[in-house]
Amino acid sequence: MLAAALRKELLLQWRSRSQMMAVFVFGASSLLLFSFAVGPNAEMLRTFSAGFLWLGLLLSSTLTLSESFHAEMENRALEGMLLLPSDPRALYYGKAIANWLQLTILGVALVPVMVVLYDAGTMQLPRLLLIIALGAAGLSAPGTLYAAMTAQVRAKQTLLPLLLFPLIVPALLASVKATSLVILGDPMQQSRAWIALLGAFDLIYWSLCGLLYGRVVEE
Amino acid sequence: MRKGWIFVALGVAFLLVGSYLGLFVAPAEQYMGNVQRIMYVHVPTAWNWMLAVLYAFGCAIAFLFTARTKWDARMEAGLEVGTLFAFLLCCQGAIWAKPTWGVWWDWDPRLTSVAVLLFAFLGILALRGFVDDPQRRAVWCAVATIIASVDLPIVYYSVKWWNSLHQQQSTPQTVSSSFHLPLRLNAFGVLFLMIGFIMLRTRIAEMRLEREMAGPPVSMGEGELA
């Protein structure tokens, strides 16, 4: 059931890939704008590069997350799926995994932009990929749950960030810190602790949100 | 309704006596001087804020298990009082921080966690305002309250680790016995005030719910329009 739900989500995302491209352009242009907030100071830009990358990804994520429930609201598709003899948890995890993949790809795509704009390169690519994957998982688990709520109300564009931003403070903090240590050098080996914190956050919210999702979509 | 007002009056009385003792009778603190006297309201607010968050969390869980509307009304009251106390805590903390640390704001784990939860609760209250179907509103707010409350300890510890890499803030000194009485009186004062507020606010929420249930049925198919 989970595989079927995931397949449906991935197919949906593949068919709307132009939307993904637009979100990427949005993220990249926000990275460009952040540099105007700091000024043409190469050293400072490099120092803040990790924070800018994650803020760019966070802002873009509100677009992809709310979009992921857009199709469900048309023609009451969500209600139709809930009528199927299936566990709503499978629907949740299918969507959350699809969102996670999308955000990870988006994050990876934003890295070259960051490298070019802020001169913030690194050779520890596997570790950077791990951090992006874990951070994207931290965004997608509560983000998918909140998107399921806010997609059904008016003012959804405002409500989703309002609910999501305070919640993901620990994940954002840990992702920025770990990414920044990877880029700027990590003499004290601290990035491992931040990755562990990120993993713990993911574990808590992937299980908790899966448990609660059934209650959110029930009629 | 009546009992709520009695608690509010009791809280105000305790606060008046406790604050009088704290402002005029208790000695000034050795290092911080008179600035430290804000502790007599700040610490009781902090304790009771934690109680309010726990109360809202408990009501949210109780609602999800029982689906009885009285828990929704109680949760609404807990959320609102928790938001109010978090706001008060941020203001009091800033007032205390300016003369002591020289800045209005510091990335202290306690201060930051309170601010994060303040915004999380404001978000949930906004969600309450935007959902018209009472049943849905109750379930969603209960879910959001549980998720936000679980976040609180994670925020606290992550900010603590994060900040410890920059600077370590001095912890409040252990308190001498001459400070105890005003602190205790005010702690009970704020507690009674909070209980009174929650009772009054719960009654208002219940009356609103009753009116909503009795009114014309909420139109279906909102998702279609959106």
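Checking each residue in the range A:189-206 for being at the interface with chain B (Cβ under 9 Å from one of its Cβ atoms), closer than 30 Å to A:E43 by Cα and surrounded by fewer than 21 Cβ atoms within 10 Å (Cβ to Cβ) picks out A:Q190, A:A193.
Could you list all residues from the range B:107-148 that are of a type outside the set (D, E, K, R), in a loop (DSSP other than H, G, I, E, B) and closer than 18 Å to B:E206 by Cα? Correct list: B:V131 only.
Among the residues of the range B:124-143, how many are within 9 Å of chain A (Cβ to nearest Cβ), under 18 Å from B:G58 (Cα atoms) and without any contact (Cβ under 8 Å) to a residue 60 or more places away in the chain? Residues in the range B:124-143 being within 9 Å of chain A (Cβ to nearest Cβ), under 18 Å from B:G58 (Cα atoms) and without any contact (Cβ under 8 Å) to a residue 60 or more places away in the chain: 2 in total.
Condition check ((1) buried (at least 19 other Cβ atoms within 10 Å of the Cβ); (2) in contact with a strand residue (DSSP E or B) (Cβ under 6 Å, 6 or more places away or on another chain); (3) without any contact (Cβ under 8 Å) to a residue 60 or more places away in the chain) across all residues:
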| site | (1), (2), (3) |
| --- | --- |
| A:G80 | no, no, yes |
| A:L83 | no, no, yes |
| A:L103 | yes, no, yes |
| A:P112 | no, no, yes |
| A:G143 | yes, no, no |
| A:A148 | yes, no, no |
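Condition first: in contact with a Pro (Cβ under 7 Å, 6 or more places away or on another chain) and either at pLDDT below 90 or of a type in the set (D, E, K, R) (or both). Now tell me which residues in the range A:174-219 satisfy that. Selection gives A:G214, A:V217.
When the residues of the range B:105-123 are narrowed to those that are closer than 18 Å to A:L160 by Cβ and more than 7 Å from chain A (Cβ to nearest Cβ), which ends up nearest to the chain's Cα centre (by Cα)? Ranking the qualifying residues of the range B:105-123, first place goes to B:F121.
All of A:V182, A:V153 fail the test of being over 13 Å from the mean Cα position of the chain (by Cα), among the β-branched types (V, I, T) and more than 7 Å from every other protein chain (Cβ to nearest Cβ), apart from A:V182. What number of residues within the range A:155-173 satisfy the criterion of being modelled with pLDDT under 90 and assigned to a helix (DSSP H, G or I)? Selection size over the range A:155-173: 3.
Remark: pairs (first residue in the range A:85-101, at negative phi; second residue charged (D, E, K, R) and part of a helix (DSSP H, G or I); Cβ separation under 6 Å; 6+ apart in sequence or on different chains) = A:G94/A:E9; A:K95/A:E9; A:A98/A:E9.
The values are calculated or read from the model by the stated rules, or taken from the named source; none is laboratory data. For clarity, every value in this text was computed on a predicted model and none was experimentally measured. Glycine also receives a Cβ, built like all others from the backbone with ideal geometry; neighbour counts cover every protein chain displayed.
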